[in-house]
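A.B. asks: Handing you this structure, nothing more for now.
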Amino acid sequence: MNALATLLIAPLVGALALAILGERPHARVLNIAASACAAGAALALALEVFDSEPILAAGETFHVDALSALMLLVTTFVTLTTAVHSADYLRIEVARGRFSVGQQRIYHALFQLIAFALCLALSANSLGIMWVAMEAATLATILVVSLDRSQAALAAAWKYFILCGVGILQALFGTVLLYMAAERVIGPDEGALLWTHLAAIRTRLDPQIITLAFALLFVGYGTKMGLVPLHGWLPDAHAEGPTPVTAVLSGLLLNVALYALLRCKVLADGALQTPVAGHLMIGFGLLGVVLAACLLGRQRDLRKLLAWSSIEHMGMLSIAFGLGGAAATFAGLLHLLGHALVKSGLYFSAAQAIQWAGTGQMAGIRGLMSARPVLAWSLLLGTLAILGLPPFSLFPSEFMTISIMIQKLPWAAALLIMALILAFASVLLRVRDMIFGNRVQAAVAASEPLRTAATAIPALLHLALALCLGLVMPVTLQRWLQQASAVIAG
Amino acid sequence: MASGLAGQMLAILAALALAPILSGWVAQCRAWLQSRSAPPLWQPWLVLHKLFLREVVLAQGASPLFSAVPFLVFACMVTACAIIPTLSTDLPLSVVADAVALVGVLALARVLLSLAAMDIGTAFGSLGARRDMLVGFLAEPALLMVLFTAALGAHSTALASMVDVLAHRELAILPSLAFAGVAFTMVSVAENGRIPVDNPTTHLELTMIHEALILEYSGPHLALIEWAASLKLFAYSCIGIALFFPWGLAANDSPLALLFALPILVAKLALGGAVLAVAESVSAKMRIFRVPEYLAIAFVLAVIGVLVHILLGS
Amino acid sequence: MNDLSTVGLQLIDLLAAVSLLLAFGLLIQRRLTALIDFYALQSLVLVIVTSLVGWLTGQRHLYLSAALTMVLKVLLIPILLYRLVRRLRLETSHDTLVKLPATLLLGLLLVIFAFDVARPIAQLSTAIASGTLGIALAGILVGFLMMISRSRAISQVIAFLAMENGVFLAATAVTHGMPMVVELGIAVDVLIGVLILGVFLFHLQDAADSLEAGGPASPTARLERSGPETPKPRKARTQTP
């Protein structure tokens, strides 16, 4: 209970405080402190929840089970490391005069606000509140994306708002229908939108209403997740705004959207008793992986390359959870964990590379290995990890997913493997040029204060964790993952 | 069958007498709204009288069709007015033609008029005919859809029974009629050549539709066609009244009921005419290329009316 | 069910139909100020529906919801949008509509689709105005069509808001409103969203202005071309005799 309160209050207080004094040098420390508080609270909460009963707090307003505890843990941890990374990022940007006083305040306040909205979405019991929190997180990220008010940023933010706005409205309509279906079973009271009640009666929900509701929720949260026909906003939004927030966007916000979708899928599976929802997720996930694999090679912007890689991995996750069953769900959660860690780590490295080169275009980033070896290594290892190479945790999760898929849908598995190989080749080709290519120009910012060794710590920490997950997974964590997958797979 | 004969005769006579008055009333209202001194209410009758006294001037090379058309068109319009329940729903003639046939009768008049306009071979005639057919073939499906919406509610396409059901149902609101009403208003404006689709008082070659059609007519022929045009406006007004404001119609042939129905009809027509005049005064005529858009909107609304009825009604 | 509530039910259906009618009005209207008026009118319809449902079912919180809608969507947001239009000097400008008949037919197909989807569900519902679900769904889809067929940023905002109205219409008529907390949250989100979009529009205008000094047209310039437009040829107005 106390842990939960800390988890929600720390970012909120942090946001308020930072809105007032966000431009002071110690604001970055405050940002880290607020994130650390939340992370500590999440850890305490996780220890409380795992191996015991889910927590219900404040009446029935909040509900934390194994799945949400796991997601909260990842979210707050990545927020914390991002805050550490962002302190350094901001120091350089401010030194270069790119961040005005107002922008620093807005940036810091919004950073904590996003963290708050994500935690709220993950801990809310009511699906309505979850929706509101998702929308709030979206609005906050839109503001961050458009922070520098350049044309490209505004256009990207506009696209982000319009596409996600339309998507999220579909999700709202889906939520309304869910409420309608539940109302028919348990009567019109406040409980009809609460997850705990819904999950209890999910087999009695009307299949016709739930089919429509899930279709709408799938479109809605799928848009936010970047599933393929609705992914248009994602690469542009990821290419604008301060890079640390892009890391949050890519590593966390997409996950939370997926989390919302998973909750809905549990209800749909219970009501429909057919794997329609899963098939929908597999189909669109496969589409996402294939399209991303085809387009990865054509990217010129480093952040867009990583964004497309996120689309690919969201497709992969969608497939894993769509397959259903304990094993595939376990693999999905592991993949989610690995992707959140590695992708945000990659964005940290990318942020430094972009700051070093003074451009986000990959053609302008050359010869990192000779100039910034530590940065080069973290970027290279991160790339290898995100592509699913063995020692890192994305390998076992992808391997498990594919092997389950070969049993269930062999032809689709073949397609998936081909797409992964294509993605592998095209990304590696791009990154190789950045790391080993010849220096085309003297780096703009050679004289800038870039403490490569220290700034690489968050990225390397993420990589190390992914490595650890891939090599020897702690038994505790394995048990936690199993408990979390039990929430989804039953 | 003979029971409704008096009502039927009265309806036809009322139509013949009131139609020019209705046109005059609209013109009068428009004049008032535009701060002009208004022509008297019976001005159309005076015009008709004047035209009937003149001799017919036929263009060279006019075929017999050209002279026959005014009579045929007039007959079509009288038929249309006879089968629309204006005063009572007990009409002997209404078994002759239902709502679909009504649209057919109106279409027949249009085709005849267009043929006559092209018969002479002048540029204006062909242009008017083409434009009129353009409006017509877009407006007719919309009109049919409007009538279908009402027919779905009444489970009959016979106009008299449709109106009977609509007038005597319990206090009920049909959402589908909201769509149908808007669509019908748009269609009747287009069909009767009022602003914003056409301007009945203009002879500007760029914009005129109806006037271009009848440019070659003179004397009694022109009088008949003008009379038919007033009858058409009267017919459309009565369809609108019958479908959307059906209260106050006489259900049987008793003289008292008919006596009551007549002033109610006149009052409703006066109100409708005034609304039409206001609408015409505040809107600008649209370009002819916009007319298909305008009618497409009417059609879509009418179809949605049908759909809403199917969704809610059953 | 007595006569009074039967009339009430039919009135709700009628109002829902009017709301859909207004959604089509939004789809085909070119003038930006008229778009805002239509939106305010649609919101007003929503207010009436909400209070009517509240009256018929005796659920007090719906009055609160209606009041919220009234303040927010009938007054505040339209006023904000009007100010925006005035500040951007767009009062007299029109949005371009390409292939209107095709758009309309597409809208018709969407309505058929929505009704077809909603029909089986409407028959299940125990709520008082179940037929409204299909109409609301159709309204949402028409709003979506408007969103993708419009080029002006402000029209897109209004399309977004119209879709949101459709969702609320469904929520009110089908489930007698969402729990109050959720409704409050949604209202706040929508208000903030509109404010953000308003700020964006200003900046987009600045971006477009600086762009007009030279350089090729960018996505933003296409998104919101600002300032007084070259006056379009006036509609041919016939002379009155």
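A.B. asks: Taking each pair of distinct Cα atoms in the stretch A:364-433 once, what is the resulting Kirkwood hydrodynamic radius in Å?
C.D. replies: 13.5
A.B. asks: Calculate the dipole size of the protein assembly as shown relative to its Cα centre from +1 charges on Lys and Arg beta carbons and -1 charges on Asp and Glu beta carbons; express the result in debye to the nearest 20.
C.D. replies: Details: 59 positive and 53 negative charges, 522 e Å.
Rounded to the nearest 20 debye, it is 2500 debye.
A.B. asks: Highest mean first, how do A:238-244, C:143-149, B:92-98 rank when packing is the count of other Cβ atoms within 10 Å averaged over residues?
C.D. replies: Details: A:238-244: 25.1, C:143-149: 21.0, B:92-98: 16.9.
With the highest mean Cβ count within 10 Å placed first, the list reads A:238-244, C:143-149, B:92-98.
A.B. asks: Rounded to the nearest 500, what is chain B's calculated 222 nm mean residue ellipticity when only DSSP H runs of at least 4 contribute -39500 (n - 2.57) each, over all residues?
C.D. replies: -24500 deg cm²/dmol
A.B. asks: Could you work out the local net charge near C:Ile79, counting Lys and Arg as +1, Asp and Glu as -1, over the other residues with Cβ closer than 13 Å to its Cβ?
C.D. replies: Around C:Ile79, the charge tally is +3.
A.B. asks: Expressed in nm², what is the orientationally averaged projection area of the convex hull enclosing the Cα positions of the stretch C:7-177?
C.D. replies: 9.1
A.B. asks: Given +1 on the Cβ of Lys and Arg, -1 on the Cβ of Asp and Glu, and no further charges, what dipole in debye does the stretch B:2-313 carry about its Cα centre, rounded to the nearest 20?
C.D. replies: Here the size comes out at about 560 debye.
A.B. asks: Between B:Val95 and B:Val275, what FRET efficiency comes out of the Förster formula 1/(1 + (r/R0)^6) with R0 = 30 Å and r the beta carbon distance, rounded to 0.05?
C.D. replies: 0.40
A.B. asks: Kindly flag which residue pairs out of B:Lys232/B:Lys285; A:Lys159/A:Lys265; A:Lys159/A:Lys224 have an alpha-carbon separation exceeding 23 Å in this structure.
C.D. replies: Numbers: B:Lys232/B:Lys285 21 Å; A:Lys159/A:Lys265 27 Å; A:Lys159/A:Lys224 12 Å.
Pairs exceeding 23 Å: A:Lys159/A:Lys265.
A.B. asks: Still on this structure: Please work out the average accessible area per residue across the stretch C:40-171, using the 1.4 Å probe convention, and give it in Å². Working shown, then result.
C.D. replies: On the way: 4910 Å² over 132 residues.
Per residue, the stretch C:40-171 has 37 Å² of solvent-accessible surface.
A.B. asks: Another question, if that's okay. Between B:Leu58 and A:Asp148, with labels modelled 7 Å along Cα→Cβ, what's the label distance in nm to one decimal, could you check?
C.D. replies: It works out to 8.5 nm between the two label points.
A.B. asks: Cα gyration tensor of the protein assembly as shown, axes a ≥ b ≥ c as square roots of the eigenvalues: rounded (a/c below 1.5), prolate (a/b > b/c) or oblate?
C.D. replies: prolate
A.B. asks: Hey, with R₀ at 41 Å, roughly what FRET efficiency would C:Leu191 and B:Leu259 work out to, going by the Cβ-Cβ distance, to 0.05?
C.D. replies: About 0.10, to the nearest 0.05.
A.B. asks: May I pose another question? Buried accessible area between C and A (1.4 Å probe, both chains summed, ligands and nucleic acids excluded), in Å² to the nearest 100? Don't skip to the end; give the middle numbers.
C.D. replies: Details: alone 13070 and 17450 Å², together 26760 Å².
About 3800 Å² of accessible surface is lost on pairing.
A.B. asks: Taking +1 at the Cβ of each Lys and Arg and -1 at the Cβ of each Asp and Glu, which of B:Ala62, B:Gly125, B:Val282 sits farthest along the dipole of chain B towards its positive end, judged by Cα position relative to the Cα centre?
C.D. replies: The residue sitting farthest along the positive end of the dipole is B:Val282.
A.B. asks: So what is the relative contact order for the stretch A:20-172, in percent, with contacts set as C-alpha pairs under 8 Å and at least six apart?
C.D. replies: 24
A.B. asks: Let me ask something else. Could you give me the radius of gyration and the Dmax of chain A, taking only the C-alpha atoms into account and expressing both in angstrom?
C.D. replies: 21.3, 70
A.B. asks: Now for a different question. Less than 14 Å Cβ to Cβ from A:Ala137, Lys/Arg counted +1 and Asp/Glu -1: what total charge do the surrounding residues give?
C.D. replies: Around A:Ala137, the charge tally is -1.
A.B. asks: What is the average number of partner chain Cβ atoms found within 10 Å of a Cβ in A:149-162?
C.D. replies: Going residue by residue through A:149-162 and averaging, the value is 6.
A.B. asks: From Cα pairs below 8 angstrom and at least 6 apart in sequence, can you work out the relative contact order of the stretch B:2-313, rounded to a whole percent?
C.D. replies: Once normalised by length, the contact order is 31 percent.
A.B. asks: Taking the 0 to 90 degree range and rounding to the nearest ten, how far is the long axis of helix B:175-191 tilted relative to the main principal axis of chain B, both from C-alpha atoms?
C.D. replies: 10
A.B. asks: With a point put 7 Å past each Cα toward its Cβ, work out how far B:Arg130 is from A:Gln208 in nm, to one decimal.
C.D. replies: Between B:Arg130 and A:Gln208, the simple spin-label model gives 5.2 nm.
A.B. asks: What does the structure give for A:196-209 when I average, per residue, the other chain Cβ atoms found within 10 Å of the residue Cβ? Don't skip to the end; give the middle numbers.
C.D. replies: Values: counts 0, 0, 0, 0, 0, 0, 0, 0, 0, 0, 4, 0, 5, 6.
Per-residue shielding by partner chains comes out at 1.
A.B. asks: With +1 on each Lys and Arg Cβ and -1 on each Asp and Glu Cβ, how big is the dipole of the stretch C:7-177 about its Cα centre, in debye rounded to the nearest 20?
C.D. replies: 560
A.B. asks: Here's another thing I want to ask about it. Could you tell me what % of all Cα pairs in chain B have separations over 31 Å? Mind showing how you got there, number by number?
C.D. replies: Values: 13939 of 49141 pairs.
Tail of the P(r) past 31 Å holds 28 percent of the pairs.
A.B. asks: Taking the highest mean first, how do the peptides A:33-46, C:108-121, B:228-241 order by number of other beta carbon atoms within 10 angstrom per residue?
C.D. replies: Sorting A:33-46, C:108-121, B:228-241 by mean packing, highest first, produces B:228-241, A:33-46, C:108-121.
A.B. asks: Here is a follow-up. Set the Förster distance to 60 Å, then compute FRET efficiency between A:Ala363 and C:Ala34 from the Cβ-Cβ distance, nearest 0.05.
C.D. replies: So, using R0 = 60 Å, E works out to roughly 0.80.
A.B. asks: Mind running the shape call on the stretch A:276-360? Use the C-alpha gyration tensor, a ≥ b ≥ c as the square roots of the eigenvalues: rounded below 1.5 for a/c, prolate if a/b tops b/c, oblate otherwise.
C.D. replies: On the way: a/c = 4.87, a/b = 1.85, b/c = 2.63.
Oblate, because a/c is 1.5 or more while a/b does not exceed b/c.
A.B. asks: Follow-up. Using only Cα atoms, tell me the angle between helix A:394-408 and the longest principal axis of chain A; keep it within 0 to 90° and round to the nearest 10.
C.D. replies: The helix A:394-408 is inclined about 40 degrees to chain A.
A.B. asks: Here is a follow-up. If each of B:Met9 and A:Leu415 carries a label point 7 Å out from its Cα toward its Cβ, how far apart are those two points in nm?
C.D. replies: According to this spin-label approximation, the distance is 7.9 nm.
A.B. asks: Oh, and also: As I understand it, the value is the acute angle between the Cα axis of helix B:219-244 and the longest principal axis of the Cα atoms of chain B; what does it come to in degrees, rounded to 10?
C.D. replies: With rounding to tens, the tilt is 20 degrees.
A.B. asks: Among DSSP bridges having both ends in the protein assembly as shown, what percentage is antiparallel? Round to the nearest 5. Each step should come with its number before you reach the end.
C.D. replies: On the way: 7 of 8 bridges.
Approximately 90 percent, going by the DSSP bridge assignments.
A.B. asks: Please compute the average number of Cβ atoms from other chains found within 10 Å of each residue's Cβ in peptide C:105-116.
C.D. replies: 3
A.B. asks: Over chain A, what is the mean sequence separation of C-alpha contacts under 8 Å (at least six apart), divided by residue count, expressed as relative contact order in percent?
C.D. replies: Details: 813 pairs, mean separation 74.5, N = 490.
With pairs under 8 Å counted, the relative contact order is 15 percent.
The values are calculated or read from the model by the stated rules, or taken from the named source; none is laboratory data. Since we're looking at a predicted model, the values are computed, not measured. With ideal geometry, Cβ positions are generated from the backbone for all residues, glycine too; neighbour counts draw on all protein chains shown. Side chains are part of the model used for accessible areas, which takes the heavy atoms of the whole protein and leaves out ligands, DNA and RNA. Shrake-Rupley method; radii C 1.70, N 1.55, O 1.52, S 1.80 Å.
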